[in-house]
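Down below is the structure, laid out as C-alpha cells.
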Amino acid sequence: MSIEQLEAIAQAMVAPGKGIIAIDESTNTIAKRFAAVNVPNSEENRRAYREMLLTAPNLGEHISGAILYDETLRQSTRAGVPFTKVMMDNGILPGIKVDKGPQSLAGFPGEVVTEGLDGLRERLNEYAKLGAKFAKWRAVITIGEDSPSGTCIEANCHALARYAALCQEAGIVPMVEPEVLMDGDHDLEVCYDVTEATLRSLFGSLYEQNVMLEGTILKASMVISGKGCAEQADVDEVAEATVRCLKAAVPAAIPGIVFLSGGQSDEQATAHLNAMNQIGPHPWPLSFSYGRAMQSAALKLWAKDMAKNFAEAQKTVSMRAKENGLAALGQWQKAA
Ligand code: 13P
C-alpha cells in the first residue's frame, strides 16, 4: 500500500465532525465492565453487546472508525453478517487493538512496558486480510513520586515506533497511544511536563524507525489534574494546557490527534474536546477515540434488559457520538 493510501485512511479517521469509538476491551477488561452491571462475561454476551453498539442507527454520521478486539474482528451479527461488513457499509473503518498489554518493567518497580512485538508482522498481515484498516497500541505512563523514569518512557516509545513501522509495512494505519494515566495526586503542571517529555520521545522514536507521520494517528491523553489532586483544573485550563503541550511536541505532519477519555465523565470528556476546538484553529484536527465516555451510559441501559432496552441503548450511543462529533467542531453546547 502506498503512503497516499495510508494518508487517505488517516484523514478519513479524523474527517470533520467525526471520531472513533473504542470498543477494543480485552476479554479481561470487558469482564470488569460487565461485572459492574451484572452481565456474565460469555462470548455470546460480548458479541451481542458489540452488535448493539456497531449497528446503532446513524452511528456512521459521527463515527469514522471503531477499534475492535481480536475476537470481535472475527464475529458477525446475529443474522450472520460479519461485523467488518456492517461497519464498512455504514462508513465505519474497522480498527484492531494489537498490543498484548502492559507488563512490569524489570528493574523499575511500579512501571510498565507494553508487550506484543513478537509475531506482530504475521498478526498484522492476517488482520489486514480480515479487513482492518488501522491498529492501536497503548503504552501506559504512570505518574508517581519518582516516576515515570526516562527508561520507562524510552522503552515504551521504542515499542510504539517498532509497532507503527510494522503497521505501515502491512498497509495498516498505526494509531500510537502513549497514555499518561490520571491516577495520582499530581497537578496540571506535572501532567504537562510528563506528557511533553513522552510525546517528544515518541516522535524521536518514530523518526528513528522511519515511520511516515502522514500515515499515523496520535491517540493522546489530555493534560489534566491527577484524580487525587486537591485543586482540579477547570475545563478552559485543561483545554489550554493540552493544546499548548501538543503544539510544543507534535509535528504538523500528523493528520490528526484523537483523545482517550481515561476515566473522565462523559460530559467532561466532551466539554474538554469542545473547549480545545473553540480555541483553534490548530495544526491538526482534534477529535475523540473514547471508550468509556462513549459506552458507559449505553452499557448500563443494555445490561438492565438486553432485549427491551436494545433500541434505547443504541440511541444513547448514537447521541454520545453526535455530541462528541459536535465537540470535534467546537460546536457542542452543554444541556441547560
Ligand atoms: P477510554 O476512553 O475509556 O480511556 O478508552 C480509550 C482507549 O481505547 C484506551 O486505550
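On the basis of being more than 29 Å from residue 3 (Cβ to Cβ), basic (Lys, Arg) and without any contact (Cβ under 8 Å) to a residue 60 or more places away in the chain, does residue 227 make the cut? Give the derivation first.
On the way: more than 29 Å from residue 3 (Cβ to Cβ): yes; basic (Lys, Arg): yes; without any contact (Cβ under 8 Å) to a residue 60 or more places away in the chain: yes.
Criteria met by residue 227.
Filter region 284-293 for residues that are within 14 Å of residue 269 (Cα to Cα) and either surrounded by fewer than 24 Cβ atoms within 10 Å (Cβ to Cβ) or in contact with a Gly (Cβ under 8 Å, 6 or more places away or on another chain) (or both) and give the result.
286, 287, 288, 289, 290, 291, 292
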Quick one: is residue 108 of a type in the set (Phe, Trp, Tyr) and either within 22 Å of residue 168 (Cβ to Cβ) or within 16 Å of the ligand (Cβ to nearest atom) (or both)? no
Return yes or no: is residue 296 crowded, with 16+ Cβ neighbours inside 10 Å and among the hydroxyl-bearing types (Ser, Thr, Tyr)? yes
All conditions in (1) within 16 Å of the ligand (Cβ to nearest atom); (2) surrounded by 16 or more Cβ atoms within 10 Å (Cβ to Cβ); (3) of a type outside the set (Phe, Trp, Tyr) are true of residue 101 except (2)
Assess whether residue 303 counts as being modelled with pLDDT of 95 or more, small (Gly, Ala, Ser) and touching a helix residue (DSSP H, G or I) at 6+ places or on another chain (Cβ under 6 Å). no
Matching residues in region 21-38 - criterion: being under 22 Å from residue 101 (Cβ atoms) and of a type in the set (A, V, I, L, M, F, W, C): 21, 22, 23, 30, 31, 34, 35, 36
Going through 181, 199, 130 one at a time, which residue ends up being closer than 30 Å to residue 85 by Cα and not aromatic (Phe, Trp, Tyr)? 130
Hey, residue 28 hits all of (1) in a helix (DSSP H, G or I); (2) more than 15 Å from the ligand (Cβ to nearest atom); (3) of a type outside the set (A, V, I, L, M); (4) surrounded by fewer than 17 Cβ atoms within 10 Å (Cβ to Cβ) but one; which does it fall short on? (2)
Quick check: anything in region 303-324 assigned to a loop (DSSP other than H, G, I, E, B) and buried (at least 19 other Cβ atoms within 10 Å of the Cβ)? no
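The values are calculated or read from the model by the stated rules, or taken from the named source; none is laboratory data. From a predicted model like this one, the values you see are computed outputs, not experimental measurements. Please note: Cβ atoms are built from the backbone with ideal geometry, for glycine as well, and neighbour counts cover all protein chains shown.
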